[in-house]
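Quick notes on the structure that follows.
The values are calculated or read from the model by the stated rules, or taken from the named source; none is laboratory data. Just so you know, these numbers come straight off a predicted model, no measurement behind them. In this analysis, Cβ positions are derived from the backbone assuming ideal geometry, glycine residues included, and neighbour counts consider all displayed protein chains.
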Amino acid sequence: MTEFNRSTVVLLPGMMCDERLFALQAKWLQQEAHKPFNVIIPRLDSANSIQGLADKILAETPSFFALCGLSMGGIVAMEMMAQAPNRIDRLALMDTNPLAETAEGALRRNRQIKDVQSGRLKQVMSEEMKPHYLADTPNKQAHLDLCMDMALSLGDEVFISQSVALLDRPDQTETLSKVRCETLILYGKEDRLCPPERHHLMRDLIPHARLVEVDGAGHLPPLEKPTKTVVHLYNWLCSEK
């Protein structure tokens, strides 16, 4: 196996998540890997469009890097690939969706925006979002508590701006059909937000991609199965082209 010869990995968290989503993976890649990596975890709070978020991150990252995004982070990662494919050495997409928002999804998001504008962020997270995040494991409640803490730390304005960005997100199927770099597609077997068929679609669009299903995980494998996730990430970073 040939070692990856670039040093920077950009990890993009999901909606209403911060750097704590990738805490174990970042620590291991920075401190314990045979060849340490420079890990960057931007917050997705600088714009209210996927294109704007991608543009801002590209302006603040090195000229060449590995890119991994989960859920909303994966959607931003796909837009970064659309904007600057020559800067991305390899791509990992986790528990995400390459398609534009559906009419049903738009209705739900607009209602959630109104609820959060009325001061009900905690209610929206606890009743509509968190129940779909995780598989049933012994650590589920601790992970749900962390998800809530991340969401409340980011606050109402970030929820609204991220929701608006997701409402207007572009379809990225054409972008994915042009991907030529080393690619990992990883998802939790029990993901109810981005089900397996979305990941098989991405695998069909990127025939050379490696598709990985993580048992015992839902929408957030970096929290639910942190060791398995970092092993797959490291293998992706070190895989031979």
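Being at negative phi and in contact with a Lys or Arg (Cβ under 8 Å, 6 or more places away or on another chain), is that true of even one residue in segment 168-179?
no
Can you say whether VAL164 is surrounded by fewer than 22 Cβ atoms within 10 Å (Cβ to Cβ), out of contact with any Cys (no Cβ under 9 Å at 6 or more places or on another chain), more than 17 Å from GLU79 (Cβ to Cβ) and among the hydrophobic types (A, V, I, L, M, F, W, C), as far as the supplied structure shows?
no
Looking at segment 101-144 only, could you name the residues that are under 24 Å from PHE22 (Cβ atoms), out of contact with any Lys or Arg (no Cβ under 6 Å at 6 or more places or on another chain), among the hydrophobic types (A, V, I, L, M, F, W, C) and modelled with pLDDT of 90 or more?
LEU121, VAL124, MET125, ALA135, ALA142
I need the full set of residues from segment 36-84 which are in a loop (DSSP other than H, G, I, E, B) and either closer than 21 Å to CYS181 by Cα or without any contact (Cβ under 8 Å) to a residue 40 or more places away in the chain (or both), in order please.
Selection gives PRO36, PHE37, ILE41, PRO42, SER46, GLU60, THR61, PRO62, SER63, PHE64, SER71, ALA84.
Considering segment 85-108 alone, what residues qualify as being under 22 Å from ILE57 (Cβ atoms) and either assigned to a helix (DSSP H, G or I) or of a type outside the set (A, V, I, L, M, F, W, C) (or both)?
PRO85, ASN86, ARG87, ASP89, ARG90, ASP95, THR96, ASN97, PRO98, GLU101
State all residues of segment 207-241 that are β-branched (Val, Ile, Thr) and part of a helix (DSSP H, G or I); if no residue qualifies, say none. Walk me through it before giving the result.
Initial filter on segment 207-241 (β-branched (Val, Ile, Thr)): 212, 214, 227, 229-231.
Matches in segment 207-241: THR227, THR229, VAL230, VAL231.
Considering only segment 32-46, state which residues are within 23 Å of ALA84 (Cβ to Cβ), of a type in the set (A, V, I, L, M, F, W, C) and modelled with pLDDT under 95.
Matches in segment 32-46: PHE37 only.
When residues of segment 160-183 are filtered for being over 30 Å from CYS238 (Cα atoms) and touching a helix residue (DSSP H, G or I) at 6+ places or on another chain (Cβ under 8 Å), how many remain?
Total meeting the criteria: 10.
Sort through VAL158, VAL164, VAL231 and tell me the only one that's within 18 Å of CYS68 (Cα to Cα) and of a type in the set (A, V, I, L, M, F, W, C).
Of the residues listed, the single one that is within 18 Å of CYS68 (Cα to Cα) and of a type in the set (A, V, I, L, M, F, W, C) is VAL231.
Select from segment 212-236 the residues that are closer than 22 Å to HIS132 by Cα and of a type in the set (A, V, I, L, M, F, W, C) and list them in ascending order.
Within segment 212-236, VAL212, VAL214, ALA217, LEU220, LEU223 qualify.
For segment 125-139, name all the residues that are in contact (Cβ under 8 Å) with a residue 12 or more places away in the chain and either part of a helix (DSSP H, G or I) or among the aromatic types (Phe, Trp, Tyr) (or both).
MET125, SER126, GLU128, MET129, LYS130, HIS132, TYR133
Among (1) buried (at least 18 other Cβ atoms within 10 Å of the Cβ); (2) at pLDDT 95 or above, which single condition is LEU29 missing?
(2)
Which pairs do you get when a residue that is farther than 18 Å from SER71 by Cα, found in segment 167-186, comes within reach of a residue that is part of a strand (DSSP E or B) and acidic (Asp, Glu), reach meaning Cβ atoms under 9 angstrom, with the pair 6+ apart or on two chains?
These pairs meet every condition: CYS181/ASP89; GLU182/ASP89.
In this structure, is MET78 under 16 Å from VAL158 (Cα atoms) and crowded, with 21+ Cβ neighbours inside 10 Å?
The answer is no for MET78.
Going through segment 72-128 one residue at a time, which ones are among the hydroxyl-bearing types (Ser, Thr, Tyr) and touching a Gly at 6+ places or on another chain (Cβ under 6 Å)?
Across segment 72-128, the qualifying residue is only THR96.
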